[in-house]
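What follows draws every value from the coordinates through simple rules; no lab data is involved. Values in this document were obtained by computation on a predicted structure and should not be read as measured data. All Cβ positions, even for glycine, are placed from backbone atoms using ideal geometry, and neighbour counts span all protein chains on display.
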Amino acid sequence: MDYATAFELQRRLVVERQQGLIPDHLLLVEHPHVVTLGRNGHRENLLASDEILERAGVEFHPTDRGGDITYHGPGQLVGYPILDLREWKRDVAAYVRAIEEVIIDTLADFGIAAGRIPKLTGVWVDGRKIAAIGVHISRWVTSHGFALNVSTDLSYFEYIVPCGLTKPVTSMAALGVRATLEDVGYVLAAHFGRVFDCQMPLTAPARAGARKEEVI
Amino acid sequence: MTDVVMPQMGESIVEGTLTKWLKKPGDRVERDEPLFEISTDKVDTEIPSPAAGTLSEVMVEEGKTVGINTVVARIEENGGAPAAAKPPAQAAQPAAATSPEPEPEPVVEAAEEAAPAPPAAEEPAPAAEPAGPLSPLVRKLAREHNLDLSRVTGTGAGGRITKQDVEGYLAARPAAAAEPVRPPAPPPVAPAPRIAATPAPAPLAPAGPAKTRVEPLSTMRIKIAEHMVLSKRTSAHVTTIHRVDMTAVAKMRERNKAAFQANYGFNLTYLPFVTRAAVVALRQFPLLNASLDGNNIIYHNEINIGIAVALENGLIVPVIRGADEKNVLGLQRAVVDLAARARSRQLKPDEVLGGTFSITNFGSFGSLVGTPIINQPQVAILGVGTVDKTPVVINDAIAIRSICHLSLSFDHRLIDGALADQFMSKLKQVLEGWTEEVQ
């Protein structure tokens with residue numbers, strides 16, 4: 001799904017969620033090559049010129065999430081949770097930590113020991129970033145989310161300074177794990193259900209699949 | 001007139017950066033209409049207006065970081081004539097008087113989400129700070145270069161110090177000449193030492209990008225560091241390691257795992273089994289449950305077991321009181337409860353005091369064997385390694401058993417090796433011949 005379509009879909013779901021018309025959602029998508037820049041991002045972290053990007057078939061898209069610049073593309077599992085945090089913890093920091101936990105637990109199931117680096121939001125394996133996080137919140141409803149490198153062609157990150165950090169990136173494939181986006185998506189969705197349900201005692205015990213909409 | 005304040009976006013968040021005003025002074029705003037945007041960590045949030053009316057005054061300019069509950073704007077409800085917008089920088093001092101800053105939690109993770117200094121601390125000391133407002137960029141530059149701004153001559157409007165002034169000053173400083181200005185980092189920035197209080201020493205690296213980064217220790221880290229060194233200095237640490245066959249425990253655990261999850265909603269791990277076995281051994285060898293006070297031995301009649309809990313930025317050891325009165329179920333419940341509350345920073349102060357013996361379960365992180373440091377004033381600590389299926393020789397045949405290495409660090413001032421190993425043998429015997437029901 002291209003970035004603009006996913007962006008529009010999110011926007012629609014956020015409005016419906018704010019109005020209480022729909023329950024929480026988790027969108028899991030794969031984008032064609034695109035570089036996106038957060039609201040507080042710095043254009044200078046885009047290292048490649050517009051022409052180079054165009055020649056490489058990479059779109060450029062300013063967007064309204066937190067965080068700096070990042071790349072999305074084939075082989076990357078992108079998740080957009082549309083959650084009303086008022087029904088969770090009303091805590092954006094806890095929300096980001098919970099997203100990290102979901103990804104860390106997912107990677108653990110594939111035998112990858114991933115973790116956090118204090119003050120550097122995201123999920124890291126041996127000092128390399130495997131998943132990026134950038135969130136937008138409007139009236140406690142979340143949008144945007146995370147991007148987990150499953151079999152991403154990491155050379156595309158050379159066009160940018162990911163999130164403004166000069167730290168290397170990695171992927172599950174680069175760590176020797178062969179998995180499809182679907183495989184990872186199912187495992188991740190199960191962890192997502194667990195992490196967010198068990199923290200939400202008021203929610204009826206939903207099965208892992210009940211609150212997600214997969215559009216891979 | 002309604003005050004618009006920086007909202008609290010979460011328990012550990014003490015401040016936020018106002019990134020964008022969506023309305024200008026004088027604009028009409030509806031209740032719940034997005035008014036401004038803030039940024040905390042990697043999260044951007046639109047903040048809706050608390051009231052309908054006219055945005056009469058904007059007190060915090062874009063790019064400023066202020067504490068929660070700081071008044072950032074005022075809204076005139078009856079649509080009265082808006083006061084002329086004050087220059088934001090001048091009015092930008094956080095309204096500390098009207099809304100006292102909540103004390104950041106001293107313990108866990110407080111420094112994680114945001115720089116710990118509440119806005120009041122950013123208020124410059126009058127003597128060292130030059131007159132006139134400072135832009136966030138100038139403050140940031142000064143912080144990065146550890147620069148005393150009172151030495152910089154401002155050339156901007158009203159003697160205001162501009163970015164060019166700082167850069168000019170830096171260029172004139174010989175040692176700093178080659179240090180490039182680092183590109184702006186995304187928030188949160190590392191807590192920086194207070195500029196006004198520290199005279200500027202010459203930067204260490206004269207050329208190239210900064211090779212080091214200075215960050216003050218969190219309160220918790222300082223406490224941990226002091227405690228660890230104190231313990232090493234106090235006790236004569238010796239560690240003994242025993243290999244324990246956990247197969248009987250593993251079977252018991254397998255049998256009850258599903259029931260635990262279904263009945264109590266938590267997992268059954270190896271830790272409560274080890275804790276229970278330690279209690280039995282401590283009863284038999286009370287010297288391991290004692291403390292040393294000068295030339296006196298203090299025997300504790302209660303068995304209160306500290307369980308080390310890893311936190312994102314540190315470690316805390318909450319205590320299971322009366323551990324000898326609990327079965328495996330009770331111990332597991334206590335472990336789950338204490339660990340969860342330790343991680344969400346909801347432990348009460350007395351819940352980390354009064355331990356008589358400690359257990360640290362580094363096996364959960366994959367460690368085979370460790371040599372833990374004694375938790376003073378206790379005299380011994382038990383380390384639990386991973387439980388792995390391992391080929392072992394039993395009666396000259398090779399069998400697959402669940403093997404775990406237990407290590408005991410003890411204070412040789414009070415406990416000799418023979419006693420420590422008797423204690424460990426007892427523990428091993430309980431675990432290897434496990435029969436006790438768990439619930």
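The alpha-carbon of B:Lys140 sits under 16 angstrom from the alpha-carbons of these aspartates and glutamates, leaving out residues fewer than 8 places away in its chain: B:Glu61, B:Glu62, B:Glu122, B:Glu123, B:Glu129, B:Asp148, B:Asp165, B:Glu167, B:Glu179, B:Glu215. Over chain A, the alpha carbon radius of gyration divided by the compact-protein estimate 2.2 N^0.38 Å works out to 0.96.
Among B:Lys251, B:Lys23, B:Lys64, the ranking by other beta carbons within 10 Å of each residue's beta carbon, starting with the fewest, stands as B:Lys251, B:Lys23, B:Lys64. Between helix A:3-18 and chain A, what is the angle of the helix's C-alpha long axis to the longest principal axis, kept within 0 to 90° and rounded to the nearest 10? Rounded to the nearest ten degrees, it is 20.
For the range B:269-368, what relative contact order do you get, as a whole percent, if you take Cα pairs closer than 8 Å and at least 6 residues apart?
Numbers: 137 pairs, mean separation 32.5, N = 100.
Relative contact order, the range B:269-368: 32 percent.
Taking only the C-alpha atoms of the range B:226-289, the Rg (one decimal) and the largest Cα-Cα distance, Dmax (whole number), read 16.8, 47 Å. What the pair-distance distribution of the range B:1-62 shows, using all Cα-Cα distances binned every 5 Å from zero, is 4, 18, 30, 25, 15, 6, 2 percent. Working note: Debye formula, equal point scatterers on the alpha-carbon atoms of the range B:309-399, no solvent; log10 I(q)/I(0) at q = 0.11, 0.14, 0.21 Å⁻¹ is -0.41, -0.61, -1.17.
Mean partner shielding of peptide A:39-52, defined as the number of other chain Cβ atoms within 10 Å of each residue Cβ, is 2. The ratio of the alpha-carbon radius of gyration of the range A:40-110 to the globular-protein estimate 2.2 N^0.38 Å is 1.44.
Excluding same-chain neighbours fewer than eight residues apart, the lysines reachable from A:Lys129 by a Cα-Cα span under 20 Å are A:Lys119, A:Lys167, B:Lys42.
Across the range B:21-27, rounded Karplus estimates of 3J(HN,Hα) from the backbone phi angles (6.51 cos²θ - 1.76 cosθ + 1.60, θ = phi - 60°) give 8, 8, 10, 9, x, x, 6 Hz, Gly and Pro being marked x.
Shown here: the range A:21-74, whose C-alpha atoms stretch 43, 25, 14 Å along the first, second and third principal axes, sorted largest to smallest.
Provide A:Met172, B:Met220, B:Met59 in ascending order of the number of other Cβ atoms located within 10 Å of each residue's Cβ, fewest first.
On the way: A:Met172 27, B:Met220 20, B:Met59 24.
The most exposed by this proxy come first: B:Met220, B:Met59, A:Met172.
Please compute the average number of Cβ atoms from other chains found within 10 Å of each residue's Cβ in peptide B:11-17. List each step's numbers first, then the result.
Working: counts 5, 5, 4, 0, 0, 1, 1.
For this peptide, the per-residue mean of nearby foreign Cβ atoms is 2.
The Cβ shell under 9 Å around B:Pro50 holds other residues with a net charge of -1, Lys and Arg each +1, Asp and Glu each -1.
Counting other beta carbons within 10 Å of each Cβ, put B:Lys42, A:Lys167 in order, fewest first.
Values: B:Lys42 28, A:Lys167 14.
With the sparsest Cβ surroundings first, the list reads A:Lys167, B:Lys42.
Only helices enter the 222 nm calculation for chain A: every DSSP H run of n ≥ 4 contributes -39,500 (n - 2.57), and dividing by all residues gives -8500 deg cm²/dmol, rounded to 500.
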